[in-house]
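Enquirer: What follows is a structure written as structure tokens; I'll ask about it next.
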Amino acid sequence: AFAKNLDAIEGVVAALKKPTIWAAWGASVLHHGFFLKARDDLYERLAKHKPQWRRFGSMTVNGHPRHPSRLNYGWKLEPFDIEA
């Protein structure tokens, strides 16, 4: 099921001229190892399509982009350096 999800996501991203990905996994990514692996697998899969990665608001204390449930309406979409 995970591989099919990656296939579907990559298919959508590949069809876009200038794909943009909203990074928004929050600090909870640290609580389950499979979340980190999923993030890394997604990044590796999409890198060849050169998407622009974006985030809303400041990073969490641990350096992760905030989850949508923690957003403030005053924040703007900003660049996110996923490689950092």
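The values are calculated or read from the model by the stated rules, or taken from the named source; none is laboratory data. Quick caveat, the model's predicted, so the values are computed rather than measured. As a convention, Cβ positions derive from the backbone with ideal geometry for all residues, glycine included, and neighbour counts pool all protein chains shown. Surface areas here come from the heavy atoms of the whole protein model, side chains and all, with no ligands, DNA or RNA. Shrake-Rupley method; radii C 1.70, N 1.55, O 1.52, S 1.80 Å.
Enquirer: How large, in percent, is the carbon and sulfur part of the accessible surface of the chain at a probe radius of 1.4 Å? Write out the running numbers ahead of the final one.
Expert: Details: 3430 of 6010 Å².
It is 57 percent, rounded to a whole number.
Enquirer: Which ³J(HN,Hα) values in Hz, rounded to whole numbers, follow from the phi angles of segment 71-78 under the Karplus curve 6.51 cos²θ - 1.76 cosθ + 1.60, where θ = phi - 60° and Gly and Pro get x?
Expert: 7, 10, 4, x, 6, 10, 5, 10
Enquirer: Using only protein heavy atoms and a 1.4 Å probe, report how much of Val61 is accessible, in Å² to the nearest 10.
Expert: Rounded to the nearest 10, the figure is 150 Å².
Enquirer: Taking the chain, which chymotrypsin sites (Phe, Trp or Tyr not before Pro) meet the DSSP loop condition and have no more than 13 other C-beta atoms within 10 Å?
Expert: Tyr73, Trp75
Enquirer: Using a 1.4 angstrom probe with every protein chain in place, what is the largest-first accessible-area order of Ile9, Ile21? Please report the intermediate quantities before stating the final value.
Expert: Working: Ile9 70, Ile21 30 Å².
Greatest to least solvent exposure: Ile9, Ile21.
Enquirer: Sticking with this one: Springs between alpha-carbon atoms under 10 Å, Gaussian network over the chain: tell me which of His64, His32, His49 tops the mean-square fluctuations.
Expert: Per the Cα network of the chain with a 10 Å cutoff, His32 tops the list.
Enquirer: Mind counting lysine pairs for me in the chain? Cα separation below 17 Å, and the two need to be 8 or more apart along the chain or on different chains. All intermediate terms of the calculation are to be shown ahead of the outcome.
Expert: Details: Lys4/Lys37; Lys17/Lys48; Lys17/Lys50; Lys18/Lys48; Lys18/Lys50.
Counting lysine pairs in the chain gives 5.
Enquirer: Give the Kirkwood hydrodynamic radius (Å, one decimal) of the chain, defined as one over the mean of 1/r across all pairs of different Cα atoms.
Expert: Values: mean 1/r = 0.0736 Å⁻¹.
In the chain this quantity evaluates to 13.6 Å.
Enquirer: Relative to the longest principal Cα axis of the chain, at what angle does helix 33-46 sit, 0 to 90 degrees, rounded to 10?
Expert: 60 degrees
Enquirer: May I pose another question? Under a plain spin-label model, where a point goes 7 Å from the Cα along Cα-to-Cβ, how far apart in nm are Lys76 and Leu16?
Expert: Label at Lys76, label at Leu16, 2.0 nm between them.
Enquirer: Long-range amide H contacts for Met59: which residues qualify at under 5 Å (H placed 1.01 Å from N, peptide plane, sequence gap of 5 or more or a different chain)?
Expert: Amide H to amide H, under 5 Å and 5 or more residues apart or across chains, Met59 pairs with nothing.
Enquirer: Another question, if that's okay. Restricting to Cα pairs below 8 Å that are 6+ residues apart, what does the relative contact order work out to for the chain? Please round to a whole percent.
Expert: Values: 93 pairs, mean separation 27.8, N = 84.
Computed value for the chain: 33 percent relative contact order.
Enquirer: Quick check: the angle from helix 2-14's long axis to the longest principal axis of the chain, C-alpha only, nearest 10 degrees?
Expert: Roughly 90 degrees, rounded to the nearest 10.
Enquirer: Of Leu46, Leu71, which has the most accessible area and how do the rest follow, probe 1.4 Å? Intermediate values should be presented prior to the final figure.
Expert: Details: Leu46 0, Leu71 60 Å².
Solvent-accessible surface, decreasing: Leu71, Leu46.
Enquirer: While we're looking at this one, here's another question. Can you list the residues, at least 5 places off or on another chain, whose amide H is less than 5 Å from the amide H of Phe80, using H built in the peptide plane?
Expert: Residues meeting the amide H criterion: Trp53, Arg54, Arg55.
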